[in-house]
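Enquirer: Quick one: the structure is below, and I'll ask about it shortly.
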Amino acid sequence: MINYIQYDYANSTVNTFGSDERSFSFPTIRSFLNEMCLHFGSSLEGRIESFRYHIHIKKNVPVFACPTHIFFKADENMCVNFKAIQRIDYRSAKKRCEIIFSDHTSIFSSKPGFVKDIMNHIFCFCHKLCIF
C-alpha cells in the first residue's frame with residue numbers, strides 16, 4: 001500500500017512511499033494518479049467529478065483511485081493516502097500536523113486545518129458509499 005506520493009523535481013520522477021517504495025517516470029503527480037485511476041476503470045477527471053457530485057466540494061478534491069487508495073494533497077508536491085493513515089497529531093506545532101501511517105512512519109504537513117477538513121470530507125464520502 002502507498003502511504004504517500006511525492007514529486008522529485010531533481011530527477012523528474014514521482015516517488016511512492018510505503019510498503020513498496022518506487023520511482024516512476026511521470027511528468028507530474030496528476031499524470032501518475034490518472035494512470036492509477038485508469039488502471040481501476042476511469043480517468044482522474046471522472047473520479048474527481050464523482051467525489052464532487054457526492055460531497056459537493058469544488059477545490060482540492062480528493063482522488064478515489066480504488067478502495068485502498070484515496071489521495072489528497074497534503075502539501076505542494078505531496079499527496080497522502082487516506083486509507084494508510086493511522087492517526088494525525090495536531091499537537092506538534094500550531095502551523096503543522098504530523099500524519100502517522102499504519103506502518104508507524106510519519107510525515108509533517110504545513111496545512112493542519114486543511115488536512116482536518118479534507119479528512120472529514122473523505123470520511124463522509126466513504127460513509128456514503130460504504131467503503132470501509
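Enquirer: Just to confirm a number: summing +1 for Lys and Arg and -1 for Asp and Glu over residues other than Phe101 whose beta-carbon lies under 14 angstrom from that of Phe101, what do you get?
Expert: Spelling it out: positives minus negatives among the neighbours equals -3.
Enquirer: On the principal axes of its Cα set, how long, how wide and how thick is the range 47-123? Give whole Å, largest value first.
Expert: 34, 25, 22
Enquirer: Additional query: Contact order normalised by length for the range 15-106, with contacts defined as Cα pairs under 8 Å and 6 or more residues apart; what percent is it?
Expert: 15 percent
Enquirer: Taking R0 as 25 Å, what's the FRET efficiency between Arg30 and Ile57 from their Cβ-Cβ distance, rounded to 0.05?
Expert: For Arg30 and Ile57, the calculated efficiency is 0.90.
Enquirer: Ordering Leu129, Leu33 by accessible area with a probe of 1.4 Å, largest first, what comes out?
Expert: The residues order as Leu129, Leu33, largest area first.
Enquirer: Then there's this: Name the residue, out of Lys83, Lys95, Lys59, whose mean-square fluctuation peaks in a Gaussian network model built on the chain with Cα pairs under 10 Å.
Expert: Its mean-square fluctuation being the largest, the pick is Lys59.
Enquirer: Calculate the FRET efficiency for Phe123 and Asn77 from the Cβ-Cβ distance with a Förster distance of 25 Å, rounded to the nearest 0.05.
Expert: After rounding, the FRET efficiency stands at 0.50.
The values are calculated or read from the model by the stated rules, or taken from the named source; none is laboratory data. Worth saying up front: this structure is predicted, and the values here are computed from it rather than measured. Neighbour counts are summed over all protein chains in view; Cβ atoms, including those assigned to glycine, are modelled from backbone coordinates with ideal geometry. The accessibility values were calculated without ligands, DNA or RNA, using every heavy atom of the protein model including side chains. Shrake-Rupley method; radii C 1.70, N 1.55, O 1.52, S 1.80 Å.
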